[in-house]
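**Student:** Have a look at the structure that comes next, please.
The values are calculated or read from the model by the stated rules, or taken from the named source; none is laboratory data. Computed from a predicted model, the values in this text were never measured in an experiment. Here the Cβ positions follow ideal geometry from the backbone for every residue, glycine too, while neighbour counts run over all protein chains shown.
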Amino acid sequence: MARAALAKRSYDGGAAIVMAMLLAALAATIAATLLWQQQRWAGEYERRRDQVQAQALAMAGVQWARQIVFENAPPSTVHLGQPWAFRLPSTPIENGSIGGYITDAQGRLNVNNLVAAGPARAAARAALQRLFSELGVPAPLLNAIADWVDADDETTDGGGAEDSYYVGRPGAPSLAANAPVRRVAELVSVRGADAVLIARLRPFVDALDAPTPINVNTAPAEVLVAAIGGLDTSGAAALV
């Protein structure tokens, strides 16, 4: 009887230890889950906070630009010595800094001039050809861009592309826009284009209603060389 009682007490004690270990493991699991969820919530809160802050700063930048342009409406001649062209100094903020500046879109080549009428179209093509050559951008891309923005479905020789090409493109079938672009970033969808090439072009081209002339007072040297046939880099640098 004594042995049986001792065995029962040992069994009960062992079961209690196992139960205690299980409860401890369960408590640890619950605590770890709660901690993970808390960290996840904190991370999500910080991301949302940063997103809201970034949006607020972006809107403030837009309002600043509008105010500058409104208060200093440029006269008929626009140049870089006017108040709108002054850069906003970099200002420290929490976790970073903010700055800004305004650019004259007519200081760049307008890709939509490729659909302009008459001599303006030929001049736009010639200027873009010179720019592509200067920047090392493949020449066939110009024909593809021209087909992308023009209204017809005739494929230009030497790299052009219309619906028949884009429909058959593996992975991302589409159609040619056959209309002027609203943003230069849209050109990444054009045959032969990629993000690297478009980034190379971005400082020197823009997408405006056609036709628009070049403002030589705000254009960088690369644009002047492209727009003015026979002008070299040193001559353009002297004009800037």
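**Student:** I need the full set of residues from region 95-118 which are surrounded by 15 or more Cβ atoms within 10 Å (Cβ to Cβ), of a type in the set (Gly, Ala, Ser) and closer than 17 Å to ALA207 by Cα, in order please.
**Tutor:** Answer for region 95-118, where residues must be surrounded by 15 or more Cβ atoms within 10 Å (Cβ to Cβ), of a type in the set (Gly, Ala, Ser) and closer than 17 Å to ALA207 by Cα: GLY107, ALA116.
**Student:** Give me the pairs: first residue in region 127-148 and within 25 Å of LEU175 (Cα to Cα), second residue modelled with pLDDT of 95 or more and of a type in the set (Phe, Trp, Tyr), beta-carbon distance under 8 Å, and six or more apart or on different chains, which are they?
**Tutor:** PRO138/PHE132; ALA139/PHE132; LEU141/PHE132; LEU142/PHE132
**Student:** Can you pull out the residues in region 42-90 that are among the β-branched types (Val, Ile, Thr) and either part of a helix (DSSP H, G or I) or surrounded by 10 or more Cβ atoms within 10 Å (Cβ to Cβ) (or both)?
**Tutor:** Within region 42-90, VAL52, VAL62, ILE68, VAL69, VAL78 qualify.
**Student:** Taking only region 162-178 into account, find how many residues are modelled with pLDDT under 90 and not small (Gly, Ala, Ser).
**Tutor:** Matching residues across region 162-178 total 3.
**Student:** Give me the pairs, please: first residue somewhere in region 166-184 and touching a residue at least 40 places away in the same chain (Cβ under 8 Å), second residue anywhere and basic (Lys, Arg) and part of a loop (DSSP other than H, G, I, E, B), beta-carbon distance under 6 Å, and either six or more positions apart or on two chains.
**Tutor:** That search, which allows pairs on different chains as well, returns VAL184/ARG202.
**Student:** Identify, by number, the condition in (1) under 21 Å from the mean Cα position of the chain (by Cα); (2) assigned to a helix (DSSP H, G or I) that ALA146 doesn't meet.
**Tutor:** The single condition ALA146 does not satisfy is (1).
**Student:** Taking region 194-230, which residues are of a type in the set (A, V, I, L, M) and in a loop (DSSP other than H, G, I, E, B)?
**Tutor:** Within region 194-230, ALA207, LEU208, ALA210, ILE214, VAL216, ALA219, ILE228 qualify.
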